[in-house]
Amino acid sequence: MTTHSKFTTYNPEPGSKVHLVGIKGVAMTALAQILQSRGVRVTGSDGPDKFFTDKILRKLKITYKQKFSADNLKKDIDAVISSAAYLHNGKVLNNVEVEAAIKKKIPIYTYPEVMSALTAQYRTLAVAGSHGKSTTSGLLAWVLVKCGVDPTAIIGSRVNKWNTNGRVGKSQTLVIEADEYREAFLKYAVSGAIVTSIDYDHPDYFKTRKSYILAFRKFVERIALGGFLVVFGDDQETKKLGVYARLKDIRTISYGFDEKNDVVLIDKGVSRQTNMFTIMFNGQKYSGKIPFVGKQYVLNSGAVFAMCVALGVNPKVALSGISTFPGIARRFETVKKTKDYVIIDDYAHHPTAINITLEGIRAMYPKRHIVAVFQPHMFSRTEVLLEPFAKSFNFADEVGIMEIYPSAREKTGPVKGRDLAARAKFYHRRVTYLPDMESGKQYVKQHAKDNNVIVLMGAGNVNELA
């Protein structure tokens, strides 16, 4: 069933009642929190699986059902807001509630359409990129709070100490994680943006690398007159994006290790082993701390520092805020630490992210035995990036590869987890295929000894192995 709604944006009025389909999704939960703060009556629905967002929704006292059913759509609902996982370009993606809303002629909108209206009401600072969006947007929101800006924020994971991924502030600043999937970020009104990386992903939507890169150019064109772009200056594709932005007369600030960047991260190998780093900006050196060691956290900090100085924040105040960041859930997160072993959970689900995560953990534990447990996510991604995935575990001593985690978008595919495990054996001596959760649990138990560091990686439910 399809629908061709004439609406492209939606701004719920106070007192209206909206129902969120897929409310446990991190972005949807944060949106529910913001709508509730504006006096909108919010209900929702999702599947029975437990997520950290369950606790957030209960704390907000938002009523939601843990099963999709047409009966969840009450007569007094003014509108339905659907996760993009269940509705895209007017096409219903296997959801009974979305189909029921269409039959009942209840106005229905997607998350990006609501965000289109929301972002237009704020000075919106968007963090985009193939990698590092959640950590960088969480870090940016955290630092702005420490600087007294008091932003509203929608982050892709729970910010530790806040115990939520959404925040309602009193200022006109909104920090969002801007997802490129299905070009959702092209609906947002943006005043300032960070682009951390451009690394081909989501082959189920972007059929070619060129179309993926083009989406980021279109995103830059969304930056408002007088706005600015912060871009990673060391990578070929992001550097090209910076040049493109300047041609469009968009104020652009580059960051990275290359001395030609506007914000230069001085790295002589020390920052990868400690949490100290130095920045050169406008001819001055600034020294600070990052909360976690590793190249990626240095880069995330550099991006946020560049954004802060673009906003007029004192550089020293920005660095002070960066040093106190508690991290976010499922990003380099130590979930268990004993005298015998350590378990770290990370969302890495792309070859580049896996390599960067393991590199950081190797820097953190240079003499420990590192056991990586990876759960692939999306059949199309695994198929297209099979070879890069197979090569991405160099910093681990042992690797366990689980079966592919299905999603609402893809239930099956031509490639399996065992195919990736077989290919990884060409590049890594100790690879074990783990066909189900039980074998994964036994694998973790087997290695929970001898001071081992066990790293759980993936966008599915691999974290449950902890």
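From the list ALA372, ALA353, ALA348, the lone residue that is buried (at least 17 other Cβ atoms within 10 Å of the Cβ), modelled with pLDDT under 90, touching a strand residue (DSSP E or B) at 6+ places or on another chain (Cβ under 7 Å) and within 30 Å of PHE206 (Cβ to Cβ) is ALA348. When restricted to residues that are over 27 Å from the mean Cα position of the chain (by Cα), farther than 10 Å from VAL399 by Cβ and surrounded by fewer than 14 Cβ atoms within 10 Å (Cβ to Cβ), the stretch 415-441 contains 2.
Would you mind telling me which numbered condition in (1) in contact (Cβ under 8 Å) with a residue 60 or more places away in the chain; (2) within 21 Å of SER254 (Cβ to Cβ) ALA178 fails? That leaves (1) as the condition not met.
Taking residues in the stretch 423-443 that are touching a residue at least 40 places away in the same chain (Cβ under 8 Å) and assigned by TED's automatic domain parsing to the domain that holds VAL399, and partners anywhere that are assigned to a helix (DSSP H, G or I) and polar (S, T, N, Q), the pairs with Cβ atoms closer than 9 Å and at least 6 places apart or on different chains are LEU434/GLN442. When LEU434, LEU456, LEU465 are checked against the criterion of being more than 20 Å from ILE361 (Cα to Cα) and among the hydrophobic types (A, V, I, L, M, F, W, C), LEU434 stands alone in meeting it. Looking only at residues that are touching a strand residue (DSSP E or B) at 6+ places or on another chain (Cβ under 7 Å) and part of a loop (DSSP other than H, G, I, E, B) in the stretch 17-52, which one is farthest from ALA153 (Cα to Cα)? Result: ASP46.
For VAL114, the conditions (1) crowded, with 17+ Cβ neighbours inside 10 Å; (2) closer than 30 Å to TYR297 by Cα all hold with the exception of (2). Number of residues in the stretch 103-143 that are of a type in the set (A, V, I, L, M), part of a helix (DSSP H, G or I) and closer than 25 Å to ASP346 by Cβ equals 4.
Summed over the stretch 324-336, the residues that are surrounded by 16 or more Cβ atoms within 10 Å (Cβ to Cβ) and either touching a Ser or Thr at 6+ places or on another chain (Cβ under 7 Å) or not in a strand (DSSP E or B) (or both) give a count of 7. Scanning the stretch 217-237 for residues that are under 16 Å from VAL304 (Cα atoms) and in contact (Cβ under 8 Å) with a residue 60 or more places away in the chain gives PHE228, VAL230, PHE232. Scanning the stretch 126-175 for residues that are of a type outside the set (Ser, Thr, Tyr) and touching a Phe, Trp or Tyr at 6+ places or on another chain (Cβ under 7 Å) turns up ALA126, ALA128, LEU139, TRP142, ARG158, VAL159, GLN172, LEU174.
When residues in the stretch 47-63 are screened for being of a type in the set (Asp, Glu) and either surrounded by fewer than 14 Cβ atoms within 10 Å (Cβ to Cβ) or at pLDDT 95 or above (or both), 1 of them pass. Kindly establish whether LEU93 is touching a helix residue (DSSP H, G or I) at 6+ places or on another chain (Cβ under 8 Å) and not charged (D, E, K, R). No: the conditions fail for LEU93. Determine which member of the set TYR341, TYR347 is under 13 Å from the mean Cα position of the chain (by Cα) and among the hydroxyl-bearing types (Ser, Thr, Tyr). Being under 13 Å from the mean Cα position of the chain (by Cα) and among the hydroxyl-bearing types (Ser, Thr, Tyr) holds for just one of TYR341, TYR347, which is TYR347.
If only residues of the stretch 192-209 that are buried (at least 21 other Cβ atoms within 10 Å of the Cβ) and of a type in the set (S, T, N, Q) are counted, the one that is farthest from ALA224 (Cα to Cα) is SER197. Taking ARG158, is it in contact (Cβ under 8 Å) with a residue 60 or more places away in the chain, farther than 22 Å from LEU311 by Cα, in a strand (DSSP E or B) and in the same structural domain as GLY227 (by TED's automatic domain parsing)? Criteria met by ARG158. Across the stretch 440-466, the number of residues qualifying as within 20 Å of TYR347 (Cα to Cα) and in a helix (DSSP H, G or I) comes to 8.
The values are calculated or read from the model by the stated rules, or taken from the named source; none is laboratory data. What you are looking at is a predicted structure, and each value in this text was computed from that prediction instead of being measured. FYI the Cβ positions are ideal-geometry reconstructions off the backbone, even for glycines, and counts take in every protein chain you see.
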